[in-house]
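Here the structure is laid out as structure tokens; the discussion comes afterwards.
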Amino acid sequence: MVFSIRLLLRKPDQAFDLAHGLALLAFGFVDFSTADRVQFTAPYREEHIANRQLGTVQQIDTEGNLDVRLDSGRAAHINIHEHPHLDYGYAVTSHSSHGATADRVLVHVDTEQAHEQLINSRLAYVSVSRGRYDAQIYTNDAQKLGAELSRDVSKQSAMETDHEIGVHDQGHTAENAEHKLVSESHGHGPGYGMEH
């Protein structure tokens, strides 16, 4: 017998305190059934489940008990009333998909609604590389998307950053040299303490 359970999520203005912070949930109902893909939207420490971990509902009963097969292969048992932090797992953000692989990936990028600093070469790599056999990108503006995805956001090395700070911050050079000498004179060697 297959059961379906409906979870009522709290209204957005009703925040509740979790052990690790404050959470806001959308208002609405979510129906879960056997074979549904689900995603945990908060850690579930009792079952050693991380935030955004994915799985498939194996069994469900009228009391809200779910047996979930996590994508890692491990089985987990939860009660939806005790841990209501569950949502559908059919679509995930690029950030939460990091490290995951799927046979087919559909990437949706809205160039008008997404923050411009988030659309870059890293997004393109992370999103498209999740697909084992196929990856397709959907957008509202292909020309603009192409230009934005070509933007490189690689982090600089510490040496490059240090050099740039030295060039841009000539006024503090004497102060930094004095701080370095004081640190070394106390037997701490280079790198000890905070640079200004």
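The values are calculated or read from the model by the stated rules, or taken from the named source; none is laboratory data. These figures come from a predicted structure and were not determined experimentally. Ideal geometry is used to build each Cβ from the backbone, glycine not excepted, and the neighbour counts take in all protein chains shown.
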Could you list, in sequence order, all residues of the stretch 110-137 that are of a type in the set (S, T, N, Q) and assigned to a strand (DSSP E or B)?
Gln136
Those strands (runs of 3 or more DSSP E) lying entirely in the stretch 20-109 with at least 1 residues at pLDDT below 90
21-23, 28-33, 86-88, 102-109
Unique match (being of a type in the set (A, V, I, L, M) and over 26 Å from Asp31 (Cβ atoms)) among Ala114, Ala50
Ala114
For the stretch 82-95, indicate whether the set of residues that are under 17 Å from Ala35 (Cβ atoms), surrounded by 16 or more Cβ atoms within 10 Å (Cβ to Cβ) and in contact with a helix residue (DSSP H, G or I) (Cβ under 9 Å, 6 or more places away or on another chain) is non-empty.
no
If you go through the stretch 25-54 one residue at a time, how many are surrounded by 15 or more Cβ atoms within 10 Å (Cβ to Cβ), of a type in the set (Ser, Thr, Tyr) and over 16 Å from Ser97 (Cα atoms)?
2
Would you please name the residue that is modelled with the highest pLDDT, looking only at residues in the stretch 110-124 that are over 11 Å from Thr139 (Cβ atoms), in contact with a Leu (Cβ under 9 Å, 6 or more places away or on another chain) and not hydrophobic (A, V, I, L, M, F, W, C)?
Ser121
How many residues are surrounded by fewer than 19 Cβ atoms within 10 Å (Cβ to Cβ), within 21 Å of Ser97 (Cβ to Cβ) and aliphatic (A, V, I, L, M) when one looks only at the stretch 55-81?
1
Contact list, first residue from the stretch 93-114 and under 12 Å from Tyr125 (Cα atoms) and not assigned by TED's automatic domain parsing to the domain that holds Phe40, second anywhere and in a strand (DSSP E or B) and not small (Gly, Ala, Ser), beta-carbon distance below 6 Å, six or more apart or interchain, is Val107/Ile137
Report yes if Gly89 is under 15 Å from the mean Cα position of the chain (by Cα) and touching a residue at least 24 places away in the same chain (Cβ under 8 Å), otherwise no.
yes
If you take the residues of the stretch 141-159 that are among the hydrophobic types (A, V, I, L, M, F, W, C) and modelled with pLDDT under 85, which of them is farthest from Ser127 (Cα to Cα)?
Met159
